[in-house]
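Please treat every number below as a calculation from the coordinates, not as lab data. The shown structure was predicted, so the numbers you read here are calculated from the model rather than taken from an experiment. So basically every Cβ, Gly included, is an ideal-geometry build from the backbone, and we count neighbours across all protein chains shown.
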Amino acid sequence: MSATRYAYLGPEGTFTEVALRTLPEAATRELVPMVSVPAALDAVRNGTAAAALVPIENSVEGGITTTLDQLTSGEPLMIYREVLLSITFALLVRPGTKLSDVKTVTAHPAAQPQVRNWMADHLPQAVWESAASNADGARLVQEGRYDAAFAGEFAAATYGLEPLVTEIHDAENAQTRFVLVGRPARPSAPTGADKTSVVIWLGDDHPGALLELLQEFAVRGVNLMLIQSRPTGAGIGNYCFALDAEGHISDRRVGEALMGLKRICPNVRFLGSYPRAGVTTADVRPLRAGTSDAAFTEASDWLARNQDGRA
């Protein structure tokens with residue numbers, strides 16, 4: 001395995017590259033652009049990269065299904081870090097292009113919901129075609145295959161384009177969440193402001209089946225930050241669920257919730273416990289009474305004393 005290589009969704013000039021360069025360790029790594037999210041994650045699986053940064057969620061459209069599906073299936077991988085990046089688009093064109101010249105536009109599919117209203121107002125007749133990434137869309141414009149691309153303004157110089165319009169976004173304060181993914185290993189130490197990600201499969205379809213799983217978190221005071229269903233491929237109505245929960249696997253409340261899931265689910269895939277981006281311990285809401293590690297330890301000691309006749 002190349003311990004000095006980090007893969008990312010390329011080509012050069014993607015928002016993913018910008019997000020990766022915010023990590024301190026990126027300065028000492030060889031950053032390798034890949035043509036797709038599956039290719040970036042496969043580089044980790046086959047050992048040609050130590051880790052990969054890929055998008056997993058945006059605040060407008062929700063989960064990035066390609067990333068979720070890749071983490072749900074195949075050889076297990078683990079999330080070690082997350083990065084939040086504010087997103088705003090520029091309309092990149094070849095020099096000399098006017099807005100009235102733009103008949104075709106391209107970008108990553110996740111960009112479309114973030115610029116749909118702007119397009120309806122300013123380019124109502126333009127035809128949208130999806131690209132592998134926003135930067136790849138810029139490359140296709142450079143080659144003359146499309147008239148314009150929605151991408152980061154920073155990508156213009158890389159591809160010899162000009163930002164015809166900047167600061168394009170339908171939603172204020174839009175963000176994309178990226179995750180740094182590597183091979184499974186011991187999670188980093190808890191920080192007090194952590195997140196735990198898992199994928200769970202229902203044992204069978206019956207009334208209250210999902211509620212039973214969610215109660216494993218609720219009764220232990222574990223707050224869920226994301227829940228998203230994804231088809232398993234085994235037929236209509238067969239789903240697994242990707243969950244993000246507050247806390248670290250070493251927290252008693254989180255660990256016991258995961259054990260509860262393992263008892264009743266045919267499959268639970270642990271995707272990692274890692275620091276929450278942009279959050280400190282001062283930002284974390286107080287735990288519900290009875291859900292601290294001390295409370296779990298006290299209850300366990302009480303049970304042991306009663307079992308031993310020492311109550």
Among Thr48, Thr14, Ser36 the positive-end extreme of the charge dipole of the range 1-125 (Cβ point charges): Thr14
Using helices alone, what [θ] at 222 nm do you get for the chain, with -39,500 (n - 2.57) per DSSP H run of 4 or more residues, divided over all residues and rounded to the nearest 500? -7500 deg cm²/dmol
Just how far, in whole angstrom, is the range 67-85 from the range 47-62 if you go by their alpha carbon centroids? 7 Å
Name the trypsin sites (Lys or Arg not before Pro) in the range 110-149 that are in a loop by DSSP and that have at most 14 other C-beta atoms within 10 Å, would you? Arg145
Between Ala151 and residues 5 or more places away or on another chain, the pairs with built amide H atoms under 5 Å apart involve Ala90, Leu92
Net charge around Gly74, counting only other residues with Cβ within less than 12 Å of its Cβ (Lys, Arg = +1; Asp, Glu = -1)? -1
Once label points are set 7 Å from the Cα along Cα→Cβ at both Ala294 and Thr281, what is their separation, rounded to one decimal in nm? 1.3 nm
Under a crude label model (7 Å from the Cα following the beta-carbon direction), how far is Asp121 from Ile264 in nanometres? 4.8 nm
Contour minus Cα-Cα span, Ala218 to Thr4, at 0.36 nm per residue, comes to 72.9 nm
Cβ charges +1 (Lys, Arg) and -1 (Asp, Glu), total dipole of the range 92-174, debye: 240 debye
Grab the other residues whose beta carbon is less than 12 angstrom from that of Gly290, score K and R as +1, D and E as -1, and report the net. +2
Taking the alpha-carbon centre of each part, the distance from the range 240-300 to the range 173-233 in Å is 9 Å
Per the rule of 0.36 nm per residue minus the C-alpha distance, extending Gln228 to Leu303 adds in nm 23.3 nm
Top positive-direction residue, dipole computed over the range 221-276 with Cβ charges, set Leu224, Cys265, Gly247: Cys265
Would you mind working out the magnitude of the charge dipole of the range 15-166 relative to its Cα centre, with +1 at each Lys and Arg C-beta and -1 at each Asp and Glu C-beta, to the nearest 20 Debye? 200 debye
